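Take a look at the structure below.
The values are calculated or read from the model by the stated rules, or taken from the named source; none is laboratory data. Here the structure is a predicted model, which means the values were calculated and not measured. Cβ atoms come from the backbone with ideal geometry, glycine included; neighbour counts cover every protein chain shown.
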Amino acid sequence: MLKKLVSSNIFERFIYSLIIINLIVMVIESEPEINSAFNLYFSYFETFSIVVFTFEYIIRTIESFKNKKKYNTSFFGLIDVLSILPYYFQAILGFDGRFVRIFRLFRVSRILKLGRFSKSFDLLRKGINNVKVELYLTFSIAFVLLFFSAAGIYFIENEVQPENFRSIISSFWWAVASLTGVGFEEIYPITFGGKIFASIIALIGVGVVAVPTGIISASFVEIINEDNLNKNG
């Protein structure tokens, strides 16, 4: 009976609609004037949503145990628990400190719950899963380059710009921005060696971004072609 309830179209549409409303309410809550006027109603709606999401999580957990499936450690299982955990965490602590406010950012994860009802999201999951080994290798190389970039710019620029490149850790921010091609106007090398180094890193960064994009794109094309062949066949 529980399995039929979870997989029923009515229940899925209800959860889907509730997620959408939650996201809309979260946006409205960020407006100070509106939040102050309707804070109590927002609080009631949040409690109602948590009860429903908790009920859904418990049902899916019970069904996963019966069917011997790994729901709790799956992607959507983790997303489901993250969407309700901030509420209980705040309730247990009993105050709304800075750490709790940061922890409440996990409420945004509710938008990822929509992926359960999206065919496109399922395609994304399959595409990434098919090339996860290649992506692990690519990201490992990217991390090595990131560390090399942060360390290199630190040793070159630290003496002349100790406020911007005061340590290798603080230089990671510049390294990420440079490798991804984002860049920051307020943080940049001023020495000749630093400019040469930054130019090389910027060129390497083009490949760092392009390689995983190409790998995932090729995987998507392969899956779409297979899906079309299955439909036509």
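Annotations
- The set of residues from the stretch 50-100 being basic (Lys, Arg), at pLDDT below 80 and part of a helix (DSSP H, G or I) comprises Lys66, Arg98.
- Filtered residue count, the stretch 153-169, keeping only those that are within 13 Å of Tyr188 (Cα to Cα) and part of a helix (DSSP H, G or I): 4
- The requirement of being of a type in the set (S, T, N, Q), part of a helix (DSSP H, G or I), in contact with a Lys or Arg (Cβ under 8 Å, 6 or more places away or on another chain) and modelled with pLDDT under 85 is fulfilled nowhere in the stretch 122-135; no residue meets it.
- Listed by first and then second residue, the pairs linking a residue in the stretch 1-28 that is within 21 Å of Leu82 (Cα to Cα) to a residue that is part of a helix (DSSP H, G or I) and at pLDDT below 80, with Cβ atoms under 6 Å apart and 6 or more places separating them unless they lie on different chains, are Phe11/Leu5; Tyr16/Phe117; Ile19/Arg110; Ile19/Lys113; Ile19/Leu114; Asn22/Arg110; Leu23/Ile111.
- Given (1) touching an Asp or Glu at 6+ places or on another chain (Cβ under 8 Å); (2) of a type outside the set (Asp, Glu); (3) at pLDDT 85 or above, number of the condition Leu203 does not satisfy: (1)
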